[in-house]
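**Q** I'd like to ask some things about the structure below.
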Amino acid sequence: MDSQPLDFEKPILELQRRLQDLKNHSNEHELDFDSEVEAMENKIRETRREIYEHLTAWQRVQLARHIQRPFALDYIARCFTEWVELHGDRVFGDDKAMPSGLAKLGSHRCVVITHQKGRDTKENVKRNFGCAHPEGYRKALRLMRLAEKFGMPVISLIDTPGAFPGIGSEERHISEAIAVNLREMMNLRVPSIAVVIGEGGSGGALGIGVADRVLILENAYYSVISPEACSAILWKDRRHAPEAAEALKLTAQDLIGLGVVDEIVPEPEGGAHRDHDLATANLGTALRQNLERLIAQPIGELMQKRYEKFRKLGKFTEGDIAPEGAPLQETIHSREQTSDKSA
Amino acid sequence: MAIFKRPALKTQSRKKREMPQGLWQKCPGCSEVVHEIELAQNQRVCPRCDYHFAQSAKERIENLLDPESFVERDADLRSVDTLQFQGMATYKDRLLKYQNLTGLTDAVLSGHGMIEGYKVAIAVMDFSFLAATMGSVVGERITRTIEYGTANRCAIVIVSASGGARMYEGMLSLMQMAKTSGALARHACERLPYISVLTNPTTAGVMASFASLGDVIIAEPKSMIGFAGPRVIKETTHQDLPEGFQTAEFLEEHGLIDAIVHRKKMRAQISQFLSYFSSTS
């Protein structure tokens, strides 16, 4: 077990400590405890499975925020080759919360746009905790144009608590920067894949998240508001964040159900931070498979499907309305159009 | 023990003069008391200081469009509690409460009509309904308004006011940002005009999608417009916010807004824009 266990992992930690005691005892006194050791190891395996298979939404949020989790640049280093970072939006500055540039995925030239968090204070000051300013989104747009010009697919790696709420952000119109990206990504004339690798924080995540395929890592989350902020608004108290996380339906599984994401990328047991090699290999495989499928399709068709995918999101009733007070759900209309089973 | 007992200070309970509710309003701009009839006759603008009071979507449509020209569309769409949200109050209860309170079915009225002879697809948000947050119904009505504009080759006017995304609908509400912006992309490809009108307040998810995408963006005076709330910014940055931060005037100064337009001149101004942008034939 690593040095930074989460609260809900404590039972595993306790069992591992007892196993170690047992082994030490066995060595010291040259006694045969093999069957006990084996039983203990089984118990640890079972406890782990029990815990990791039944993670609550809030526990997943904690995994998604784990400081040892692979960040965007870790994926770039392991899934891609020939990475060249391109700096700046050519208007105001370079947003270090969004390192972006050119990279090769196998033999495919790509434009990669990311959010990057830091592991220590110094790095976090540089990366602004993964919270981008308007410059970041405008740099992303500049690189998308570059991708369009040279016929390269665009891959976004999303990992942000949200766009930065600051004075400079507002003065330089963070909302406009995000809005323009939403519109332009819908019309992008190259294939695109977006992956939520950790935190998918609201508009800041969506600002690079409109794509032909939207993937999410098993323990990542994607939410309209942080569980803490939601709790503060609905319960007038931040301590209800676990309930808020549950209610917001922000886990990968929930989002597949809502049609917001297309595919879940599996993580190593216990979370991506436990095995960077396996986590990055999984993402690499998913990216290559999706990219191959996308580039095999004519761009006009992709753009049409992309539009329809986002167009049909939303749940409401329409037509004959049940009388006031009657349950609304009975006439749910989910705009499920002719399903395009491109997957 | 004190020798002298301090006399208990009591504020004299001067009897407050009871005002019949709803007849008089204190103007937040000049603190003068304005009569309701006066406000109603003046498009809810203070006759003394020009403060723009909140206006209902219905009133706005009456003032903006040619008389009798408005045709409402998609009025039968209703929000549903897909996430079964359980907070202090359920989403369903809130919807019912605001439907009864406002007489609206959701936070936007949409359809088409004429402005000085120009056909427009129009959507007007109403802040009095759940802070005009954008859920599936708001997103769908706006998107259909835009698509109507594209299909009928007419201009779009969207009058925005919003507290942002509708948390109760989780990610489906966030996705309305992509949906509406995507529809605008198609409208723009057809070289059709879109006039975005910002009113007090327009923030967060709505500001970070269709409200920011107008060919021209105009705002009512002193409207609060921004992405994050001022309290959040203050808590995050521990900085004092500049004078007039996040007002329409501030945003005009910083280059986002094309013009600040007085409510009583709004119809004429939109019509002038349409005359510039619509003369294609």
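**Q** Helix-derived [θ] at 222 nm for the protein assembly as shown: sum -39500 (n - 2.57) over DSSP H runs of at least 4, divide by residue count, nearest 500? Before the final figure, lay out each step's value.
**A** Details: 23 runs with 251 residues, N = 624.
So the calculated ellipticity at 222 nm is -12000 deg cm²/dmol.
**Q** Now for a different question. Would you pull out the residues with amide H under 5 Å of A:GLY200's amide H, same chain only if 5 or more places away, H placed 1.01 Å from N?
**A** Under 5 Å from the amide H of A:GLY200 lie the amide H atoms of A:THR160, A:TYR221, A:TYR222, A:SER223, each far enough along the sequence or on another chain.
**Q** Here is a further query. Using the Karplus curve 6.51 cos²θ - 1.76 cosθ + 1.60 with θ = phi - 60°, what ³J(HN,Hα) values do you get for each residue of region B:118-129, in whole Hz, with x for Gly and Pro?
**A** So the Karplus estimates, Gly and Pro as x, are 8, 6, 9, 8, 9, 9, 10, 8, 10, 5, 6, 9 Hz.
**Q** Quick one: 3J(HN,Hα) in Hz for region A:138-153, Karplus 6.51/-1.76/1.60 with θ = phi - 60°, rounded, Gly and Pro as x.
**A** Whole-Hz 3J(HN,Hα) from phi for region A:138-153: 6, 5, 4, 5, 4, 6, 5, 4, 4, 4, 5, 4, 9, x, 10, x.
**Q** Under a 1.4 Å probe, what is the accessible area of the protein assembly as shown per residue, stated in Å²?
**A** That works out to 46 Å² per residue.
**Q** Other chains near B:224-232: what is the mean number of their Cβ atoms within 10 Å of each residue's Cβ?
**A** Mean inter-chain Cβ contacts per residue within 10 Å come to 5.
**Q** To make sure I understand the rule: partners must be aspartates and glutamates, Cα under 17 Å from the Cα of A:LYS43, and not fewer than 8 residues away in the same chain. Which ones qualify?
**A** By straight Cα distance, A:LYS43 reaches A:GLU9, A:GLU14, A:ASP21, A:ASP34, A:GLU53, A:GLU269.
**Q** Counting only other residues whose beta carbon sits under 9 Å from that of B:LYS179, what net charge do I get with K and R as +1, D and E as -1?
**A** Its environment carries a net charge of +1.
**Q** Compare A:GLY300, A:GLY259, A:GLY130 in a GNM of chain A, Cα atoms joined below 10 Å, and give the one with the largest fluctuation.
**A** The residue that fluctuates most here is A:GLY300.
**Q** Something else about it: Specify the residue with the greatest mean-square fluctuation among A:GLU30, A:GLU228, A:GLU50, computed from a Gaussian network of chain A linking alpha-carbon atoms under 10 Å apart.
**A** Of the options given, A:GLU30 has the highest mean-square fluctuation.
**Q** Could you size up the charge dipole of region B:128-271 around its Cα centre, putting +1 on the beta carbon of Lys and Arg and -1 on that of Asp and Glu, and report it in debye to the nearest 20?
**A** Numbers: 14 positive and 13 negative charges, 112 e Å.
Rounded to the nearest 20 debye, it is 540 debye.
**Q** B:VAL261's amide H: which non-local residues (gap 5+, or another chain) put their own amide H closer than 5 Å, with H modeled 1.01 Å from N in plane and none for Pro or chain starts?
**A** Amide H neighbours of B:VAL261: B:ALA219, B:GLU220.
**Q** Which net charge results when you count Lys and Arg as +1 and Asp and Glu as -1 among the other residues whose beta-carbon is under 9 Å from that of B:THR105?
**A** -1
**Q** Work out from phi, with θ = phi - 60° and the Karplus expression 6.51 cos²θ - 1.76 cosθ + 1.60, the ³J(HN,Hα) of each residue of region B:243-253, listed in order in whole Hz, and give x for Gly and Pro.
**A** 4, x, 3, 6, 8, 4, 5, 4, 6, 5, 4
**Q** What trypsin sites (Lys or Arg not before Pro) in region B:145-198 are in a loop by DSSP, with at most 10 other Cβ atoms within 10 Å of the Cβ?
**A** On the way: sites: B:ARG153, B:ARG166, B:LYS179, B:ARG186, B:ARG191; in loops: B:ARG153, B:ARG166, B:ARG191.
Within region B:145-198, the qualifying trypsin sites (Lys or Arg not before Pro) (loop, at most 10 other Cβ atoms within 10 Å) are B:ARG191.
**Q** Report the accessible area of B:ASP93, computed with a 1.4 Å probe over the heavy atoms of all protein chains in place, in Å² rounded to the nearest 10.
**A** My reading of the accessible area for B:ASP93 is about 90 Å².
**Q** I would also like to ask the following. Report the Cα centroid-to-centroid distance between region B:82-101 and region B:206-271 in angstrom, as an integer.
**A** 30 Å
**Q** Quick one: divide the alpha-carbon radius of gyration of region B:148-216 by 2.2 N^0.38 Å and tell me what you get. Present the calculation step by step, with values, prior to reporting the outcome.
**A** Numbers: Rg = 12.2 Å, N = 69, 2.2 N^0.38 = 11.0 Å.
Ratio of Rg to 2.2 N^0.38 Å for region B:148-216: 1.11.
**Q** Related question: When ranked by the protection proxy of mean other Cβ atoms within 10 Å per residue, highest first, what sequence do the peptides B:131-143, A:165-177 form?
**A** B:131-143, A:165-177
**Q** Within 10 Å of each Cβ in peptide A:199-206, how many partner chain Cβ atoms are there on average? Round it to a whole number, please.
**A** Values: counts 0, 2, 0, 8, 11, 2, 1, 10.
Across the residues of A:199-206, the mean count of other-chain Cβ atoms within 10 Å is 4.
**Q** Compute the projected area of the convex hull of the Cα atoms of chain B, averaged over all viewing directions, and report it in nm² to one decimal place.
**A** Average projection, Cα convex hull of chain B: 21.2 nm².
**Q** Starting from region A:215-315, pick out the trypsin sites (Lys or Arg not before Pro) whose DSSP state is loop and whose Cβ has at most 13 other Cβ atoms within 10 Å. The partial results should precede the final answer.
**A** Numbers: sites: A:LYS236, A:ARG238, A:ARG239, A:LYS249, A:ARG274, A:ARG288, A:ARG293, A:LYS305, A:ARG306, A:LYS309, A:ARG311, A:LYS312, A:LYS315; in loops: A:LYS236, A:LYS249, A:LYS312, A:LYS315.
Passing sites in region A:215-315 are A:LYS236.
**Q** Let me ask another. Could you sort out which of A:LYS236/B:LYS179; B:LYS97/B:LYS179; B:LYS26/B:LYS222; A:LYS10/A:LYS122 sit more than 22 Å apart by Cα distance in this structure?
**A** Check vs 22 Å cut-off fails for A:LYS236/B:LYS179; B:LYS97/B:LYS179; A:LYS10/A:LYS122.
**Q** Quick one: which residues, 5 or more positions from A:PHE316 or on another chain, have an amide H under 5 Å from its amide H? H modelled 1.01 Å from N in the peptide plane, none for Pro or chain starts.
**A** Sorted by chain and number, the residues that satisfy this are A:HIS333.
**Q** Follow-up question, since we're still on this one. How large is the charge dipole for chain B, taken about the Cα centre, if only the Cβ atoms of Lys, Arg (+1) and Asp, Glu (-1) carry charge, to the nearest 20 debye? Walk me through the numbers on the way to the answer.
**A** Numbers: 32 positive and 30 negative charges, 249 e Å.
That gives a dipole near 1200 debye.
**Q** Take every DSSP beta bridge with both residues inside the protein assembly as shown and express the antiparallel ones as a percent of the total, to the nearest 5. Let's see the in-between values first.
**A** Numbers: 30 of 70 bridges.
DSSP beta bridges in the protein assembly as shown are roughly 45 percent antiparallel.
**Q** Which of A:GLU246, A:GLU36, A:GLU267 moves most in a GNM of chain A, Cα contacts under 10 Å?
**A** A:GLU36
**Q** Can you sort B:ASP50, A:ASP237 by solvent-accessible area, 1.4 Å probe, largest first?
**A** Values: B:ASP50 80, A:ASP237 40 Å².
The residues order as B:ASP50, A:ASP237, largest area first.
The values are calculated or read from the model by the stated rules, or taken from the named source; none is laboratory data. Quantities reported herein were computed from a predicted structural model and do not represent experimental measurements. Ideal geometry is used to build each Cβ from the backbone, glycine not excepted, and the neighbour counts take in all protein chains shown. Accessible surface is based on the protein model in full, side chains and every heavy atom, while ligands, DNA and RNA are left aside. Shrake-Rupley method; radii C 1.70, N 1.55, O 1.52, S 1.80 Å.
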